[in-house]
1. Looking only at region 22-56, which residues are modelled with pLDDT under 95, out of contact with any Leu (no Cβ under 6 Å at 6 or more places or on another chain) and open to solvent by less than 50 Å² (accessible area, probe 1.4 Å)?
2. For residues in region 1-12 being at pLDDT 95 or above and of a type in the set (A, V, I, L, M), which is farthest from N40 (Cα to Cα)?
Amino acid sequence: MATIDINETLANLVISNPQMAAPMEKWGLDYCCGGKTKLNDAVNKAGLNIEEVVTILEETNSTEADIDWT
């Protein structure tokens, strides 16, 4: 399973794996216009639990680990 860097921007996370867009949309994390925001900052602002968010994003990331989306 790939490790998610909480200091990575939302946009870069979705660029590296577009499957991450769906959970981010569910949580209200703006990876498009607010894409320059770091994951940790966006999660804190939304009042979400960073550990839970990272776990779900890592699971999403691991399902598509062999695809180079860029």
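The values are calculated or read from the model by the stated rules, or taken from the named source; none is laboratory data. The shown structure was predicted, so the numbers you read here are calculated from the model rather than taken from an experiment. A quick note on method: Cβ atoms are made from the backbone with ideal geometry, for glycine too, and the neighbour counts reach across all protein chains shown. Heads up: the accessible areas ignore ligands, DNA and RNA and are worked out on the full protein's heavy atoms, side chains in. Shrake-Rupley method; radii C 1.70, N 1.55, O 1.52, S 1.80 Å.
1. G34
2. Among residues in region 1-12 that are at pLDDT 95 or above and of a type in the set (A, V, I, L, M), the one farthest from N40 (Cα to Cα) is A11.
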